[in-house]
Amino acid sequence: MFQNIVEITPDLIARHGLKPDEYERILGLIGRTPTMTELGIFSAMWNEHCSYKSSKKWLKTLPTKGDKVIIGPGENAGVIDIGDGDVAVFKMESHNHPSYIEPYQGATTGVGGILRDVFTMGARPIAAMNSLSFGEPEHAKTRHLVAGVVAGVGGYGNSFGVPTVGGEVRFHARYNGNCLVNAFALGIAKADGIFLSEAKGVGLPVVYLGAKTGRDGVGGATMASAEFDDTIEEKRPTVQVGDPFTEKRLLEACLELMQTGAVIAIQDMGAAGLTCSAVEMGAKGNLGIRLDLDKVPQRETDMTPYEMMLSESQERMLMVLEPSREKEAEAVFRKWELDFAVCGVTTDDLRFRIIWKGQEVADLPIKELGDQAPEYDRPWVEPKKAPAIDESTIPAVNNVAEALVKIVGSPDMSSRAWVYEQYDCLVQGNSAQVPGGDAGVVRVEGTNKALAMSADVTPRYCEADPYEGGKQAVAESWRNITAVGASPIAITDNLNFGNPEKPEIMGQFVRALKGMAEACIAFDYPIVSGNVSLYNETNGEGILPSPTIVGVGLMPDVTAMATVAFKADGETILLVGGHGQHLGQSIYLAELFGREEGLPPVVDLAIEKRNGDFVRGLIVAKRLVTCHDVSDGGIALALAEMAMAGQRGATIDLGAGPAHVAAFAEDQARYVIALPAGEADKVAAEAKAAGVPVVRLGTVGGDKLDFGAAGAVAVSDLKAAFDNWFPAFMAGKAA
């Protein structure tokens, strides 16, 4: 065994993110002091990012099975059946820590990594989304982060050639020290063409594919599993560097090779690079792996085994290959001008062995590194709910229209066009909607089907009550997919929280997952893939709990799709679900009065499903083409967005109660729809028979959104306020 030239000290162990008891466990497993390379391998495999050691216990409580689920959590991405022999492959992952350190490359490599997760499964990516959370606009770093992250997302996705069809952007002071960059990708494959990461067979070649290995990203997974402090700039070398053009060639080469029958198992090199990909393939297949690092393509000289094993250089794959097809496989990759190197072999000894310059620098038990990594039952306490708000303290506004102008021109509610116009939303030619509606919709090439997807979470709700916030995140994604006419099938999640070693933070995690699980069961909406991002804290200040959900649904006939825009003057506007009264944790309170107070609205899952199924039935039957869900900002914001999208106004009756409550309440399970007058009467009667509350809100027409005694505003003035904030902020002209 190769001898250490570096002494393994308590400080060195700590810098590798390992606790003293974990190091003692390592000593017990291998019966000796680890080499520096072995210490790095354990650090990579046992960190939070790769092992899920704090979350694994609770992730097992989530529903993951369903009639249309083909592959659930545990693989590179989840897979669902969408009919006709086709499957959708999708996942979401975070690149939070790297993006805060170096926003452009952090976001770029986040997009690249999630695309690899999808095409590693044998699917061609057809859509991407993202969920971005930044600090308050006034913070010194926010504008820099927004510019870099958006440029990175667009730079990689546009160059690779995948449309970014939707997402979300929010601002809040609790993200000042930790931005969130959650990237989602979805691809299409044939049901009989799915590839897995589980290695099978002894004595088979382990092949390195793609770009060369460099020193970028060494220790990235470990960095992403720790809190930030004042030494953050020292972590810049742990951020990877992306090359979308190489990734595009890697995609084409992999998909071409997969058609030949040569591929037995394949795994992308993401977090922890060569280490994680090799260990996961071997551990899942109950096989050992022997790697010869002298055969690994390198772009830098004098790289150590430690650097090669922990490098997170991008655009790389590891594959177990059918030996008789080696020459054929190599020819494919050479054609695409990519590296191809047989660098290892599968073994029957369940050991992970690393050879460098003829010496063995690592010899470790592969199962304990991989699928038997530590699992903790972290102490947790019931999180404190926000106190219920005293409704008598909620200020009333007499002019709803004036208040609405302020809200649509606020940081969180203004147009995101400045963001999504930097993304190619139409590449591949199958995008059925541009961003800005309820969900992204992408046609399945060669069919009349489409897939709808929506990214959702309301962190202020989760902070006030993690259980209700978790339910609401799932419910809103289900509602957004329903609002375009698709049937929700399954979700992927990105669970962003603070330090799990704090019982109150762990309590937020536990309760949010409880709410999510209940919603998933009620909607038959299982979780098929996802990611956990913990330790999102800087100097002890954690983010808002942010369990981001991306739901995916199927639309059998894309020509039945509904959009948010008002279509014709004279149409009747109906509110499905009836008027609400909940203003706790509302945008109304936050944006107009600077108050984040009260409890979030309760999500009644049975009512949510009943109302949503009714609305979806109308859309699928081609009786309804204008629909918008009600969420942030209540019906007033929904109406404003519908008016701006359709460039036509409406006359609105807010009912007999306080106008500001009817306008801005954020009660759930509601939709605003518009139909021809005669059809609206029929729908209202059908809704009553089905037990679905429906209220007549008004009539489409004119150039104003007119709330009667509660004020009126020109649609053009709403649009000016809506469109102005983001460009002004990025130009340094707005707070």
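Sites listed here are trypsin sites (Lys or Arg not before Pro) in region 612-654 whose DSSP assignment is loop and whose Cβ has at most 14 other Cβ atoms within 10 Å: Lys622. Residues whose amide H comes within less than 5 Å of that of Ser533, counting only those at least five positions distant or on another chain, are Leu495, Asn496, Phe497 (H built at 1.01 Å from N in the peptide plane). For region 372-467, the square roots of the Cα gyration tensor eigenvalues, ordered a ≥ b ≥ c, give a/c of at least 1.5 with a/b no greater than b/c, which places it in the oblate category. For region 530-585, what class follows from the C-alpha gyration tensor (a ≥ b ≥ c being the square roots of its eigenvalues): rounded when a/c is under 1.5, otherwise prolate if a/b is larger than b/c, else oblate? It is oblate, given that a/c is not under 1.5 and a/b is not larger than b/c. Using θ = phi - 60° in the Karplus curve 6.51 cos²θ - 1.76 cosθ + 1.60, the 3J(HN,Hα) couplings for region 515-528 round to x, 4, 4, 4, 5, 4, 5, 4, 9, 6, 9, x, 9, 9 Hz; x is entered for Gly and Pro. Each eigenvalue of the Cα gyration tensor of region 564-662, multiplied by 5 and square-rooted, gives one semi-axis; in descending order these are 25, 19, 12 Å.
Only beta bridges with both residues in region 469-608 are counted; by DSSP, about 65 percent of them are antiparallel. In the full protein context, the chain carries 34 Å² of accessible surface per residue, based on a 1.4 Å probe and ignoring ligands, DNA and RNA. Among the listed pairs Lys682/Lys719; Lys56/Lys141; Lys141/Lys502; Lys65/Lys449, those with a Cα-Cα distance over 29 Å are Lys682/Lys719; Lys56/Lys141. Could you pull out every one of the aspartates and glutamates with an alpha carbon less than 15 Å from that of Lys471, ignoring same-chain neighbours closer than 8 positions? Straight-distance partners of Lys471: Asp456, Glu463, Asp493, Glu518, Asp524, Asp604, Glu608, Glu666, Asp667. Nonpolar atom fraction for the chain, defined as the carbon and sulfur part of the 1.4 Å probe accessible area, stands at 51 percent. Counting only DSSP beta bridges whose two residues both lie in region 577-706, roughly 75 percent are antiparallel. Taking a ≥ b ≥ c as the square roots of the Cα gyration tensor eigenvalues, with a/c under 1.5 meaning rounded and otherwise prolate when a/b beats b/c, else oblate, which class fits region 286-361? Oblate is the answer for region 286-361, as a/c is 1.5 or above yet b/c matches or exceeds a/b. For region 117-218, what log10 I(q)/I(0) values come out of the Debye formula at q = 0.18, 0.22 1/Å, with one point per alpha carbon and no solvent? With one equal scatterer per Cα and no solvent, log10 I(q)/I(0) is -1.01, -1.17.
For region 320-328, putting each phi into the Karplus relation 6.51 cos²θ - 1.76 cosθ + 1.60 with θ = phi - 60° gives couplings of 9, 10, 5, x, 5, 9, 4, 5, 4 Hz, in residue order, rounded to whole numbers and with x for Gly and Pro. Distant-in-sequence amide contacts of Thr213, defined by a placed amide H-H separation under 5 Å and a gap of 5 or more residues or a different chain, comprise Gln298, Arg299. Taking every C-alpha pair closer than 8 Å and separated by at least 6 residues, the mean separation divided by the residue count of region 489-560 gives a relative contact order of 55 percent. Taken over the chain, the percentage of Cα pairs per 10 Å bin, counting from 0 up to the bin with the maximum distance, is 3, 15, 25, 26, 17, 9, 4, 1, 0. To test your reading of the geometry: what angle, between 0 and 90 degrees and rounded to tens, separates the Cα axis of helix 103-119 from the longest principal axis of the chain? With both axes taken from Cα atoms, the answer is about 80 degrees.
Once the Cα-Cα distance is subtracted from the 0.36 nm per residue extended length, the Ala147 to Arg696 segment shows a gain of 193.4 nm.
Counting 0.36 nm for each residue step from Ala191 to Asp390 and taking away their Cα separation leaves a gain of 66.2 nm.
Taking N as the number of residues in region 609-720, what is its Cα Rg relative to 2.2 N^0.38 Å?
In units of the 2.2 N^0.38 Å rule of thumb, it is 1.05.
The calculated FRET efficiency for the pair Asp349 and Gln428, based on their C-beta separation and a Förster distance of 51 Å, comes to about 0.65. Residue-wise HN-Hα couplings along region 621-636, as the Karplus relation 6.51 cos²θ - 1.76 cosθ + 1.60 with θ = phi - 60° gives them from phi, are 7, 6, 9, 9, 10, 10, 8, 8, 6, 9, 8, 3, x, x, 5, 5 Hz; Gly and Pro carry x.
The values are calculated or read from the model by the stated rules, or taken from the named source; none is laboratory data. Because the structure is a prediction, the values reported are computed rather than measured. Cβ sites come from the backbone with ideal geometry, for glycine too, and all protein chains shown count toward neighbours. With ligands, DNA and RNA removed, areas are computed over all heavy atoms of the protein, side chains included. Shrake-Rupley method; radii C 1.70, N 1.55, O 1.52, S 1.80 Å.
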